1. Which one of these is surrounded by 19 or more Cβ atoms within 10 Å (Cβ to Cβ), over 22 Å from I398 (Cβ atoms) and of a type in the set (V, I, T): V34, V107?
2. List pairs: first residue in the stretch 170-185 and outside the structural domain of E470 (by TED's automatic domain parsing), second residue among the aliphatic types (A, V, I, L, M) and part of a helix (DSSP H, G or I) anywhere in the structure, Cβ distance under 8 angstrom, at least six positions apart or on different chains.
3. Kindly establish whether A137 is buried (at least 22 other Cβ atoms within 10 Å of the Cβ), under 24 Å from G85 (Cβ atoms) and small (G, A, S).
4. Report, ordered by the first and then the second residue, all pairs with beta carbons closer than 8 Å, sequence separation of six or more or different chains, a first member in the stretch 402-431 that is outside the structural domain of S74 (by TED's automatic domain parsing) and in a strand (DSSP E or B), and a second member that is of a type in the set (G, A, S) and surrounded by 19 or more Cβ atoms within 10 Å (Cβ to Cβ).
5. Check off (1) out of contact with any Lys or Arg (no Cβ under 6 Å at 6 or more places or on another chain); (2) closer than 25 Å to I29 by Cα for D153 and give me the number that stays unchecked.
6. Go through the stretch 1-83 and tell me which helices (runs of 4 or more DSSP H), entirely inside it, have 3 or more residues that are within 21 Å of R462 (Cα to Cα).
7. With K118, K123 as the choices, which residue is out of contact with any strand residue (DSSP E or B) (no Cβ under 8 Å at 6 or more places or on another chain), among the charged types (D, E, K, R) and over 21 Å from E149 (Cβ atoms)?
8. Given the options I449, I471, name the one that is under 18 Å from N394 (Cα atoms) and not polar (S, T, N, Q).
Amino acid sequence: MAIKTINVEMLAKMFLAGAQNIEAKKEFINELNVFPVPDGDTGTNMSLTIMAAAKEVTALENMDVTTLAKAISSGSLRGARGNSGVILSQLLRGFTKSIREESQIDVPALARAVLRAKDTAYKAVMKPKEGTILTVARGISDKAQELVEETDDLEVFIPKIIEEAEAVLARTPDMLPVLKEAGVVDSGGQGLLEVIKGAYDAFLGKEIDYSAIAPSSAVNVTKINADSSAEIKFGYCTEFIILTEKEFTEDNEMDFKAYLESIGDSIVCVADEDVVKVHVHTNDPGLAIQKALTFGQLSRMKIDNMREEHQEKLIKDAQKLAQAEKENKKKKEKEARKPVGFIAVSIGEGLNEIFRELGVDYIIEGGQTMNPSTDDMLNAIDEVNADTIFILPNNKNIVLAANQARDLMKEKDIIVIPTKTVPQGITAVINFNPEADVDTNEETMLEEIKNVKTGQVTYAVRDTHIDDKEIHEGDIMGIGDAGILSVGTSIEDTAKDMLAQLVEEESELISLYYGEDVSEEEAEKFVAEIEENYPDMDVDAHKGGQPIYYYILAVE
């Protein structure tokens with residue numbers, strides 16, 4: 001028998017199952033990343049993005065298609081991390097915009113939704129590249145438009161969509177030479193496929209482990225009900241003392257305990273001569289009392305409604321939070337509003353301090369090792385009391401999230417300077433002129449960051465072949481703006497080889513930031529060698545304190 005429609009409860013289940021599946025497969029997806037660097041990878045970013053949306057979905061009450069669509073869209077947009085996460089959030093945004101307008105979710109509705117998802121994601125990327133998650137999304141959309149003319153059965157439609165997605169994904173190495181060289185398919189496309197596969201498992205009625213979505217308690221994926229009082233199974237804390245009128249034997253005690261366990265939990269039953277102390281959590285205190293009366297009179301009776309107390313606590317906590325936010329808002333309003341403010345993404349004590357000394361108002365901890373989310377950006381924007389705010393992402397994988405925060409923020413003027421490295425970010429803020437207008441400063445910063453060439457020295461986490469280089473796990477890599485420049489077994493030798501490829505005849509300045517795994521003595525020795533090799537250039541060295549990267553080098 002054909003299945004022609006799915007209801008909102010099934011749609012919610014399918015979405016949560018898709019989220020659960022990508023969470024389970026994230027390490028596999030991470031392994032598909034072309035560059036073998038120890039940083040926040042595609043699988044991690046996509047999982048964190050969709051899990052933010054899953055959290056919104058599980059918190060829904062009185063769910064319908066409109067509220068479900070809004071939760072998925074809002075949660076994924078704000079939770080988006082990395083380029084792959086932002087693109088996934090845009091796919092979900094387009095998909096949910098379409099379904100919220102549908103009277104029923106059938107094959108034509110899904111075909112329209114995946115078309116809108118593809119269009120929305122392509123528009124969000126300035127220069128769409130084929131052989132990526134976008135290509136897989138386009139393949140899915142094209143196949144859906146074809147299938148809508150052939151079937152109205154979802155049991156036929158969904159498997160064929162998955163089959164097409166797998167076929168397109170398998171062709172991505174032919175579209176992107178770097179994928180073929182590394183011997184992998186596109187990691188973002190694989191992530192999208194895992195979401196759809198997970199959703200199909202739920203559609204088929206397979207048992208899904210939702211533990212990653214709700215680690216502290218089971219999720220009711222049928223009702224998706226977030227009633228906080230539902231966490232309390234038995235609502236009344238019941239205590240009393242029995243003044244026994246006859247012998248209270250061990251058998252009596254065991255039978256009474258067994259009875260209490262049948263009507264509640266958290267049982268305490270302690271007998272001491274002619275007194276029995278009782279404690280039980282139950283939904284019907286009367287049953288416990290009636291049974292106890294068969295043994296004697298009752299004293300010191302106390303019954304508390306735990307659900308009411310829990311609700312009161314939640315209300316008080318919410319009131320405290322609201323009051324704190326109100327006071328914080330008043331504090332901000334008292335502060336003089338600045339015409340221009342700065343937000344920078346950075347990690348490492350030394351680098352953070354450099355940005356602060358240059359006048360950056362807010363540091364978002366993150367970067368290669370952890371891509372901050374769009375929501376992190378929005379929170380930072382809220383903290384900076386300025387009319388215009390420049391954001392320096394300082395990483396190519398954070399620029400899209402910054403742009404998404406800019407588009408979501410309506411109260412302030414946000415300008416994203418697309419800095420792809422920390423040295424570019426430092427150059428951008430150094431070239432800010434408080435006497436010039438915003439447009440002039442933006443133009444100057446965009447121009448100046450083009451003059452910064454960056455190299456970063458780290459280690460390989462797996463074997464691969466890329467940029468015509470054979471790389472083994474544990475090798476040291478020198479990574480430039482466009483790819484891997486040098487590979488070796490010595491940190492300093494690899495860094496010097498990389499630096500030789502960055503320096504040109506007109507270069508004047510080498511800036512060096514050493515990481516948390518490099519001692520001051522090691523750094524000083526390395527700086528002395530650089531100064532000896534490049535006597536006509538200025539060498540500026542700082543303790544960056546960054547993790548993962550032994551050295552970050554910039555040439556201007």
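1. Result of the check over V34, V107: V107.
2. Note: pairs meeting the criteria are T172/V136; T172/L179; P173/L179; V185/L169; V185/A170; V185/L179.
3. Criteria met by A137.
4. Filtered contacts from the stretch 402-431: I414/A405; V416/A402.
5. (2)
6. 8-30, 42-58
7. Of K118, K123, the one residue that is out of contact with any strand residue (DSSP E or B) (no Cβ under 8 Å at 6 or more places or on another chain), among the charged types (D, E, K, R) and over 21 Å from E149 (Cβ atoms) is K123.
8. From the options I449, I471, the qualifying one is I449.
The values are calculated or read from the model by the stated rules, or taken from the named source; none is laboratory data. Note that this is a predicted model, so its numbers are computed, not measured. All Cβ positions, even for glycine, are placed from backbone atoms using ideal geometry, and neighbour counts span all protein chains on display.
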